[in-house]
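**Student:** Sending over a structure as structure tokens; questions will come in a sec.
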Amino acid sequence: MAHVSVPMYWRTIPQRYRLVGHKCKKCGKVNFPPKGVCKYCNASSDFEEIQLSGRGKVHTFTLIGAGGAPPEFAEQEKAGGSYPVAIVELEKGPKVIGQMADVNGKDVKIDMPVRAELRRIYREEGVIRYGFKFVPDTEGA
Ligand code: ZN
């Protein structure tokens, strides 16, 4: 995730909070986050909004250790240790990257079921920013 300014951040809140994807009317694939032009067929900007469930499974993951973390993760980094960041394949197909919560890095497994939860991501200039983190989805296991 790239650094975003505060106004840019607020503009993107509906997508961040509601997990709304754009289903391409031409090829049927789901773009998330929504794009101006479908990233799959690269030919259509005709979309239907769909609500994503936030459920998915871990496609791949990595542990981010001390040093080299992007600014939005600096707070956790200072809090100590490494933490898992996963690419999650959501139910309708789109893959999203997100930090994992409520799980130890050593317990994260490929294909483990997860769901998105709204969590505090980090604080900057007095503004607490929220976004999705992925937590183990025990019901779906
Ligand atoms: Zn398309």
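The values are calculated or read from the model by the stated rules, or taken from the named source; none is laboratory data. Worth saying up front: this structure is predicted, and the values here are computed from it rather than measured. Reconstructed Cβ throughout: ideal geometry from the backbone, glycine too, with neighbour counts over all protein chains shown. Note: accessible area is taken over every heavy atom of the protein model, side chains too, but ligands, DNA and RNA are not part of it. Shrake-Rupley method; radii C 1.70, N 1.55, O 1.52, S 1.80 Å.
**Student:** Using the Karplus curve 6.51 cos²θ - 1.76 cosθ + 1.60 with θ = phi - 60°, work out ³J(HN,Hα) for each residue of segment 23-39 in order, rounded to whole Hz, and write x for Gly and Pro.
**Tutor:** 8, 5, 6, 8, 9, x, 7, 9, 8, 8, x, x, 10, x, 10, 3, 7
**Student:** For THR62, THR138, give the ranking by accessible area with the largest first, probe 1.4 Å.
**Tutor:** Correct descending sequence by accessible area is THR138, THR62.
**Student:** Taking amide hydrogens as modeled 1.01 Å from N in the peptide plane, which residues meet the under 5 Å criterion relative to ILE121, leaving out close sequence neighbours?
**Tutor:** The answer is ARG129, TYR130, GLY131.
**Student:** Turning to a different aspect of this structure: Please compute the volume of the convex hull spanned by the alpha-carbon atoms of segment 85-133 and report it per residue in Å³. If you can, show how the numbers build up before the last one.
**Tutor:** Numbers: hull volume 4.3 nm³, N = 49.
Roughly 87 Å³ of hull volume per residue.
**Student:** I've got another one for you. How much accessible surface area, in Å² rounded to 10, belongs to the heavy atoms of LYS35 with a 1.4 Å probe?
**Tutor:** 90 Å²
**Student:** If I model a spin label as a point 7 Å beyond the Cα along the Cα-Cβ vector, how far apart are those points for LYS109 and ILE87 in nm?
**Tutor:** 2.2 nm
**Student:** Length gain on complete extension for the stretch ASP102 to THR62, per 0.36 nm per residue less the alpha carbon to alpha carbon distance? Don't skip to the end; give the middle numbers.
**Tutor:** On the way: separation 40, 0.36 × 40 = 14.40 nm, distance 1.56 nm.
Roughly 12.8 nm would be gained on extension.
**Student:** A further question on this structure: Once you've got the Cα coordinates, tell me which of LYS95/LYS133; LYS35/LYS109; LYS29/LYS57; LYS25/LYS95; LYS39/LYS92 are over 21 Å apart.
**Tutor:** Those over the limit are LYS35/LYS109.
**Student:** Something else: Keeping all protein chains in position, work out how much accessible area TYR40 exposes to a 1.4 Å probe, and write it in Å² to the nearest 10.
**Tutor:** Taking all protein chains as shown, TYR40 has close to 100 Å².
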